[in-house]
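As structure tokens, the structure follows; a few thoughts come after it.
The values are calculated or read from the model by the stated rules, or taken from the named source; none is laboratory data. All of these numbers come straight from a predicted model, not from anything done at the bench. Here the Cβ is made from the backbone with ideal geometry for all residues, glycine too, and neighbour counts use every protein chain on show. These area figures cover heavy atoms from the full protein model, side chains too; ligands, DNA and RNA do not enter into them. Shrake-Rupley method; radii C 1.70, N 1.55, O 1.52, S 1.80 Å.
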Amino acid sequence: MPVTIVLGGQWGDEGKGKITDALAASADLVVRPNGSTNAGHTVVTDDGVYKLHVIPSGILYPHCTCVIGAGVAVSPPDLMREISALQERHVRLGQLYVSDRAQVIMPYHPLLDLYEERRRGAAGIGTTLRGNGPAFTDKVARRGIRVADLLPGAEEELRRKLEILLPEKNTLFVHLYHEQPLDLDDLLREAREWGKALAPYVVATEVLVQDAIASGKHVIVETAQGTMLDLDYGTYPYVTSSPPTAAGACQGAGIAPTQVDRVVGVFKAYTTRVGAGPFPSELTDEIGALLRERGHEYGTTTGRPRRVGWFDAVAARYTARLNGMTAAALTKLDMLDPLPEIRVCVGYRLGNQVLNAPPARLDLYLRVEPIYEVLPGWQSDTSAVTSFSDLPLAARRYVERLEELIGVPITMIGIGPARRQIVWREARALA
Ligand code: GDP
């Protein structure tokens, strides 16, 4: 099994960090293919809780090489802070590599995010204000600064690029947003410092990854966010700026689709999403509040409260098919322990029509009514269960029903944040 992609099947925060961590125990290399510091993964090991942002979860295993791929937008100060925080906890970082082709979140990007959200007011898209969107916008507009541009020796070239770029940004700052302009020399000084700090980690990561695959190493691609936030297939425009799909994972990591053996979709046993946008199965009542508190549904990076709802099997089946999932991991099943009954959204009603896939038009998606199937709850503690057959019958039925609805075998079930709190059903993947 040389290449496994782990990705989110919902709107992000599915618990991919924990699932990647579990799979990384047998991996040689873990690659982050997309996203930026606005993504956050939480991994709980025997040494405590680690909040990772852009560094892959594999970093917590000394045997694992970790790669930040070309599809990522890197904020050098945030990355250096993340590196220092891990070093303070004695995590070995000798095996961390950053792609020379990764985009850089420049100092003007978070400012553009902030000023633009302010300008849009209530019509803002609720970004994390980290400059992620503007950095990816510049990438596609072919005016992005890449990690290679920061390295010692590239200073003159960087100056030439910024001499063209900065007047454009400053025109927006001054005339559209009525804010202060940035100074070219300050920017160059900062970029030089960033380049010096990053240089020891920078390589052509796609070559490193291809070499690893060629020598039969087990590679895991740890995708950030979730497919329902994809630019093409998500709830546009309430989406993220780099592709969280299996195809995007290949692109960002430098891996060909023909080299992928497994695609593991991670789903939470209910649904959450951050920011605005359609969410047909959203719970705004006390059950939603209970799940938010029990599940600590607040952003790892931003602390923002997440919106909470029932499992949306329409969206789940859609993402399972788009990504060619070969297996699914279901996390946080234990969060449902106290509930007397559990609902699953199995269709979207739109007027007198039933939709079995998310509509492209946002105004229609906002109007659909969830069609629910009601399943019995189990009202007992699942957090110490070690095998599938030990789960209460109603919990097994719930998992089996989701499996049917998603159309993919559920091979891992999370019943708590700790490493050991996973029920493995590997045989299902082979069935
Ligand atoms: P990610 O970005 O997809 O990795 O998701 P987050 O890290 O934002 O959210 C997952 C949170 O849920 C973390 O705090 C995990 O420790 C926790 N978690 C993951 N799986 C489980 C589980 O099965 N049960 C419980 N109770 N917590 C879990």
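What do you reckon, how do Arg425, Arg307, Arg92, Arg32 stack up by accessible area (1.4 Å probe), largest on top?
On the way: Arg425 25, Arg307 55, Arg92 135, Arg32 0 Å².
From most accessible down to least: Arg92, Arg307, Arg425, Arg32.
Leaving out ligands, DNA and RNA, what percent of the accessible area of segment 103-200 is carbon and sulfur, probe 1.4 Å?
On the way: 2810 of 5290 Å².
About 53 percent, which is the carbon plus sulfur part of the accessible surface.
With springs connecting C-alpha atoms under 10 Å apart, model the chain as a Gaussian network and identify which of Ala214, Ala135, Ala191 has the largest mean-square fluctuation. Checking each option, the largest mean-square fluctuation is seen for Ala214.
First select every other residue whose beta carbon is under 14 angstrom from the beta carbon of Pro76; then total the charges, Lys and Arg +1, Asp and Glu -1. Intermediate results must be reported in sequence, preceding the final value.
On the way: positive: Arg81, Arg130, Arg146, Arg189, Arg192, Lys196; negative: Asp78, Glu82, Asp100, Asp149, Glu190, Glu193.
Summing Lys and Arg as +1 and Asp and Glu as -1 gives 0.
Estimated at the nearest 10 Å², the accessible area of Arg396 is 70 Å² with a 1.4 Å probe.
Kindly provide the helix-only [θ] at 222 nm of the chain, computed as the sum of -39,500 (n - 2.57) over DSSP H runs of four or more divided by all residues, to the nearest 500 deg cm²/dmol? Show your work: numbers first, answer last.
Details: 14 runs with 142 residues, N = 431.
It comes out at -9500 deg cm²/dmol, rounded to the nearest 500.
Lys161 contributes about 70 Å² of solvent-accessible surface, heavy atoms of the protein only, 1.4 Å probe. Accessible surface calculations at 1.4 Å, restricted to protein heavy atoms, place segment 2-72 at 21 Å² per residue.
Highest mobility in the GNM of the chain, judged by mean-square fluctuation with C-alpha springs under 10 Å and restricted to Ser281, Ser75, Ser387, is found for Ser387. Can you compute the FRET efficiency between Glu341 and Asp285 using 1/(1 + (r/R0)^6), with r the Cβ-Cβ distance and R0 = 22 Å? Round to the nearest 0.05. Efficiency, rounded to the nearest 0.05: 0.95. Only protein heavy atoms count here; on that basis, with a 1.4 Å probe, Glu373 has an accessible area of about 50 Å². Dividing the mean sequence gap of close Cα pairs (under 8 Å, 6+ apart) by how many residues the chain holds gives a relative contact order of 20 percent. The H on the amide N of Val98, modeled in the peptide plane, is under 5 Å from the matching H of Ile68, Val202, Val203, each at least 5 residues off or on a different chain.
What lysines sit close enough to Lys268 to cross-link, taking a C-alpha to C-alpha distance under 20 Å and skipping anything fewer than 8 places away on the same chain? Those lysines meeting the cut-off are Lys16, Lys18, Lys51, Lys332.
When you count the other C-beta atoms within 10 angstrom of each residue and take the mean per peptide, 290-296, 47-53 line up highest first as 290-296, 47-53. Would you look at the GNM of the chain, springs on alpha carbons closer than 10 Å, and say which of Ala329, Ala313, Ala247 moves the most? Looking only at Ala329, Ala313, Ala247, the largest GNM fluctuation is found for Ala247.
Could you tell me whether segment 103-200 comes out rounded, prolate or oblate from its Cα gyration tensor? Rule is a ≥ b ≥ c as square roots of the eigenvalues, rounded for a/c under 1.5, then prolate if a/b exceeds b/c, otherwise oblate. Prolate.
Tally Lys and Arg at +1 and Asp and Glu at -1 over the other residues with C-beta under 9 Å from the C-beta of Glu282: what net charge comes out?
In short, +2.
Counting only protein heavy atoms and a probe of 1.4 Å, the accessible surface of segment 216-275 is 53% carbon and sulfur.
Pairs of Cα atoms under 8 Å, at least six residues apart: use those to get the relative contact order of segment 103-200, whole percent.
Rounded, it is 28 percent for segment 103-200.
A 1.4 Å probe run over the protein chains yields, for segment 188-229, 39 Å² of accessible area per residue, whole-number rounding.
In order along segment 175-181, the phi-based Karplus estimate (6.51 cos²θ - 1.76 cosθ + 1.60, θ = phi - 60°) of 3J(HN,Hα) comes to 8, 8, 9, 6, 10, 7, x Hz; Gly and Pro are listed as x.
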